[in-house]
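Below is one structure; the comments refer to it alone.
Just so you know, all these numbers are worked out from the coordinates, no wet-lab data involved. The structure presented is a predicted model; accordingly, all values stated were derived computationally and were not measured. No Cβ is skipped: glycine too gets one built from the backbone with ideal geometry, and neighbour counts run over all protein chains shown.
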Amino acid sequence: MLSRKHRLLLLKVFGLFSVVRGYNILMVILAQYLASIYILAHQLPLRQVIFDLNLFLIVVSSALVIAGGYIINNFYDAEKDLINKPRKSMIDRFISQQFKLSTYFILNFLAVIAASYVSFKAVFFFSAYIFGIWLYSHKLKRLPFVGNFVSATLAIAPFFAVFVYYKNFETVIFVHAMFLFLLILAREMIKDLENIKGDLVHNYKTIPILYGGKVSKILISILILLTLIPSLLLILKFDVGYMNYYFMACVLLLILFLVLLVRSQSKKDYVWLHNILKLIIIVGVFSILLIDVDLVLNRIL
């Protein structure tokens, strides 16, 4: 049996993992490496990409800044989350607000130090990224659509860092990025419908609060329809190997999403819609492996 002290320590570890959303950070790390290997630096030998120290430091800096971002976001949303996410909040509250702030500054400091080993541009980028996350958490997230747009932009920033590092300007990369951005933006707007109760209590000026759920659904529908454009382009125009099956499945899932969105009325419905978009994003990360299986096997051998 664990002593009370050890149980409390274990709960604090779980609480910190919950606050920084460790599972999301692991997905971002995996996505950055897979995107580098299969898309951004597909012309380079596999070993050269995997053991690239600068890439590793960029990924580490990204992970540290994202973890810090989740902490500062949780710091500002602690009271709101008690209404919207009561179960998660109970775990998060094992971590004090003071500890959250201390960890936030330490993580950001370490991120800038790691970036300094890459280049001055990397330091500038991650410093701006840290400031952008703080500004979003402190002010911008309360603004209608602006908060959603900034949140989606910040979500794809780690991939932009890798993109700039490899300087690969192929059109297919921009189409991939547009697909991901629109998907994340739609997901952010679904979260506003899902969290309307807590947002209303704490005076957040989200679209469903200011203009109603119907307007919010129309905007989300437009975003999903726009997401179909890069999906179809990646299927019909670009060579993405077996990943085209993923985009075909996405088209079907997004059509199903639209049907369910029209019928949705309760928080439970919005959670389902949120999970559909989350599933598409997570499966998308692993489906990068399907882009060119033969090429990768040859690079390994």
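Brief remarks on what is shown
- Counted residue by residue at 0.36 nm each, then reduced by the alpha carbon distance between them, the extension gain from Phe131 to Trp272 reaches 47.5 nm.
- Peptides ranked, highest mean first, by Cβ atoms within 10 Å: ranges 193-203, 58-68, 27-37: 58-68, 27-37, 193-203
- Relative counts (whole %) of C-alpha pair distances in the stretch 52-188, using bins that are 5 Å wide: 2, 10, 17, 19, 20, 17, 10, 5, 2, 0
- With coordinates expressed along the principal axes, the C-alpha atoms belonging to the chain extend over 53, 46, 44 Å, beginning with the largest.
- What the Cα atoms of the stretch 169-301 give is an Rg and a Dmax of 17.0, 59 Å.
- Summing charges over neighbours of Phe160, with a neighbour being any other residue whose Cβ is under 13 Å away from its Cβ, gives +2 when K and R count +1 and D and E count -1.
- Projected label distance in nm at Leu289 and Ser96, using a 7 Å step from Cα toward the beta-carbon: 4.4 nm
- Label-point gap, in nm, between Lys121 and Leu253 - each point 7 angstrom along Cα→Cβ: 3.4 nm
- Cβ-Cβ FRET estimate between Val146 and Phe51, R0 fixed at 45 Å, reported to 0.05: 0.65
- Normalised contact order of the stretch 169-301, rounded percent, pairs of Cα under 8 Å and 6 or more residues apart: 30 percent
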